[in-house]
Amino acid sequence: MLSPAITNAQTIKQVVEIVNAANRGETIEYFGGVEFRDGDQLAGHYAYDAATNAGDGFEEADLEAHLECLSDAGAVFSFGKALAEAIWLKQ
């Protein structure tokens, strides 16, 4: 199941804040619950969700492109772990 914190985010800036806060060990609250995944997993969820919404497909290069955008926007995460999470979600 995709992270509701990620799927409910309205902007990439909000996603960056969620990923970075999770990596700092902060509790991520959203309407209806609390997120317990780490920032690497959440970045992967973003890549999967962004690929779904953009209709790009789920090739590794597509997922990598979304992770690069997230990183460029200021999110700090393990690229390899986030990519692995996004690939796992597509299965």
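Results, tabulated for the structure shown:
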read-out: Which listed residue is touching a residue at least 24 places away in the same chain (Cβ under 8 Å), among the hydrophobic types (A, V, I, L, M, F, W, C), in contact with a Phe, Trp or Tyr (Cβ under 8 Å, 6 or more places away or on another chain) and not in a helix (DSSP H, G or I), from L2, L67; value: L2
read-out: Candidate set: region 40-56, residues that are charged (D, E, K, R) and not in a loop (DSSP other than H, G, I, E, B); chosen: the one surrounded by the fewest Cβ atoms within 10 Å (Cβ to Cβ); value: D49
read-out: Members of region 8-29 found to be assigned to a loop (DSSP other than H, G, I, E, B) and within 20 Å of A50 (Cα to Cα), listed by number; value: N8, A9, Q10, T11
read-out: Qualifying residue in region 30-38 (condition: assigned to a helix (DSSP H, G or I), in contact (Cβ under 8 Å) with a residue 24 or more places away in the chain and surrounded by fewer than 23 Cβ atoms within 10 Å (Cβ to Cβ)); value: no
read-out: Residues of region 72-83 classified as touching a helix residue (DSSP H, G or I) at 6+ places or on another chain (Cβ under 7 Å) and either small (G, A, S) or surrounded by fewer than 19 Cβ atoms within 10 Å (Cβ to Cβ) (or both), total; value: 8
read-out: Residues of region 70-86 satisfying the condition of being part of a helix (DSSP H, G or I), farther than 14 Å from N23 by Cβ and out of contact with any Gly (no Cβ under 8 Å at 6 or more places or on another chain); value: D72, G80
read-out: Given (1) in contact with an Asp or Glu (Cβ under 6 Å, 6 or more places away or on another chain); (2) at pLDDT 95 or above, number of the condition D56 does not satisfy; value: (2)
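The values are calculated or read from the model by the stated rules, or taken from the named source; none is laboratory data. Note that the structure is a prediction, hence the values are computed from the model and not measured. Cβ coordinates were reconstructed from backbone atoms using ideal geometry, including for glycine residues, and neighbour counts include every protein chain displayed.
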